[in-house]
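Have a look at the structure below before the remarks.
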């Protein structure tokens, strides 16, 4: 079972190093990922000679408060991902919205960790500097250890 | 982004009970007003949908599975960058 261990490092606007425990508190458990079309779909497309779009890279935030994994909707459009369903997301600040659901594959950059998220919800994440929000539909298959004092976290998939 | 699959969802709703009797617990793939088939897993359903429709959108649902409520507080409440350690300053103070 591959294990991802990350201790956050960050700098303030003046270039001073921020302690890992502060960086983890401020940024949350984030990891660099590469997002592409779900592997079963990708295999079919390759068999048909259809070129696959280049993966989208960016940060994923592990969010234990989210029932479902989300993907940035602009990145989903660039990947030309098919929608396989539509869900309604309630909001405290405005009317509920209908969002598309896409099948995606998430790879952790630099590590042999691949996560399948066949029902990722399109959402405007880019403004938050994120390409993916990893929710409990994925985390139900993982072990997550959040070490606040050390400013680190571990994820095994 | 505009929501898709309106025809497919309407067609699914109209036929869900009938398909549920024939294929309980299986994953169905719907395109337009056509049932492509019922499959044992999500992976098989996605592969069949992509084989038939490429990168076009198609509906995949598991028969008998209630559409779960989606709850993403960080997104819906705008909490992704909330920081109570640094509250916003009061205007005029």
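The values are calculated or read from the model by the stated rules, or taken from the named source; none is laboratory data. All values reported here derive from a predicted model rather than from experimental measurement. Please note: Cβ atoms are built from the backbone with ideal geometry, for glycine as well, and neighbour counts cover all protein chains shown.
Here are a few things to note about the model shown:
- Candidate set: segment B:53-75, residues that are farther than 26 Å from residue A:51 by Cβ and modelled with pLDDT of 95 or more; chosen: the one surrounded by the most Cβ atoms within 10 Å (Cβ to Cβ): B:61
Residue-by-condition table, conditions (1) in a strand (DSSP E or B); (2) in contact with a helix residue (DSSP H, G or I) (Cβ under 8 Å, 6 or more places away or on another chain):
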position	(1), (2)
A:115	yes, yes
A:118	yes, yes
A:127	no, no
A:130	no, no
A:144	yes, no
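- Of all residues in segment A:8-36, those being assigned to a strand (DSSP E or B) and under 25 Å from residue A:105 (Cα atoms) number 7.
This table checks each residue for (1) surrounded by 18 or more Cβ atoms within 10 Å (Cβ to Cβ); (2) more than 9 Å from every other protein chain (Cβ to nearest Cβ); (3) without any contact (Cβ under 8 Å) to a residue 40 or more places away in the chain; (4) closer than 13 Å to residue A:62 by Cβ.
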residue	(1), (2), (3), (4)
A:119	yes, no, no, no
A:132	yes, yes, no, yes
A:138	yes, yes, no, yes
A:149	no, yes, no, no
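- Residue selection: residue A:44 fails the criterion of being surrounded by fewer than 18 Cβ atoms within 10 Å (Cβ to Cβ), within 14 Å of another protein chain (Cβ to nearest Cβ) and either modelled with pLDDT of 95 or more or assigned to a helix (DSSP H, G or I) (or both).
- Top-ranked residue in segment A:59-79 [being touching a strand residue (DSSP E or B) at 6+ places or on another chain (Cβ under 8 Å) and facing another protein chain (nearest Cβ under 7 Å); ranked as surrounded by the most Cβ atoms within 10 Å (Cβ to Cβ)]: A:70
- Residue match in segment A:3-22 (condition: closer than 26 Å to residue B:72 by Cα and within 14 Å of chain B (Cβ to nearest Cβ)): yes
- Restricting attention to segment A:59-89 and to residues that are assigned to a loop (DSSP other than H, G, I, E, B) and farther than 26 Å from residue B:27 by Cα, the residue that is modelled with the lowest pLDDT turns out to be A:65.
- Complete set of residues in segment B:41-66 that are at the interface with another protein chain (Cβ under 7 Å from one of its Cβ atoms), assigned to a loop (DSSP other than H, G, I, E, B) and under 15 Å from residue A:86 (Cα atoms): B:56, B:57, B:58
- Failed item in (1) over 27 Å from residue B:30 (Cα atoms); (2) without any contact (Cβ under 8 Å) to a residue 60 or more places away in the chain; (3) part of a strand (DSSP E or B), with residue A:5 passing the rest: (2)
- Filter pass, residue B:50 being modelled with pLDDT of 80 or more and in contact with a helix residue (DSSP H, G or I) (Cβ under 8 Å, 6 or more places away or on another chain): yes
- Considering residues of segment A:91-113 that are assigned to a strand (DSSP E or B) and at the interface with another protein chain (Cβ under 8 Å from one of its Cβ atoms) only, the residue nearest to the chain's Cα centre (by Cα): A:103
- Count of residues meeting criterion [in a loop (DSSP other than H, G, I, E, B) and facing chain B (nearest Cβ under 10 Å)] in segment A:47-58: 4
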